[in-house]
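None of the figures in this text is laboratory data; all of them are computed from the coordinates on show. Only a predicted model underlies this, so the values are computations on that prediction, with no experimental measurement involved. Methodologically, a virtual Cβ is constructed for each residue, glycine included, from the backbone with ideal geometry; neighbour enumeration extends over all protein chains shown.
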């Protein structure tokens, strides 16, 4: 029996730019709200699809890698120069644009690679704009 379980309300505060959108081509930030669903069979040995604590822990490790970072496409990395009296941490993505769609895709892929179960992510960019990604 397939069951979907979920955890809602993870947040990432990050900066990005979207050169494919003239309105959003400048460097700016968002609070991304991430809801995660996992699908699988109930394990008769413990009654879980996956223990919520394990899932929260794995997602938390991934969120930490994205939080308070500048999200940059790999293709742009050599073109960027930022300096100042502050920490400068960059999260590199493989895709060409750091959109909510691609950020959600990367997150889903990373979660899947850790728990090896089908993932569905709903990622909000701000309060009312979102993308839903299913992986694989």
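Table: residues versus (1) buried (at least 17 other Cβ atoms within 10 Å of the Cβ); (2) assigned to a loop (DSSP other than H, G, I, E, B); (3) touching a residue at least 24 places away in the same chain (Cβ under 8 Å).
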site	(1), (2), (3)
29	no, no, no
34	yes, no, yes
39	no, no, yes
43	no, yes, no
49	yes, yes, yes
60	no, no, yes
83	no, yes, no
87	no, yes, no
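Residues in segment 96-112 that are under 13 Å from the mean Cα position of the chain (by Cα) and surrounded by fewer than 18 Cβ atoms within 10 Å (Cβ to Cβ) were compared, and the one that is nearest to residue 58 (Cα to Cα) is 112. When residue 65 is tested against the conditions (1) over 17 Å from residue 9 (Cβ atoms); (2) in a helix (DSSP H, G or I); (3) more than 12 Å from the chain's Cα centre (by Cα), the lone failure is (3). Checked across segment 69-78, the condition of being surrounded by fewer than 12 Cβ atoms within 10 Å (Cβ to Cβ) and either free of Cβ contacts under 8 Å to residues at least 12 places away in the same chain or assigned to a loop (DSSP other than H, G, I, E, B) (or both) holds for at least one residue. In this structure, does residue 121 turn out to be closer than 10 Å to residue 135 by Cα and part of a helix (DSSP H, G or I)? Considered against the rule, which asks whether it is closer than 10 Å to residue 135 by Cα and part of a helix (DSSP H, G or I), residue 121 comes out as no.
The requirement of being in contact with a strand residue (DSSP E or B) (Cβ under 7 Å, 6 or more places away or on another chain) and buried (at least 17 other Cβ atoms within 10 Å of the Cβ) is not satisfied by residue 92.
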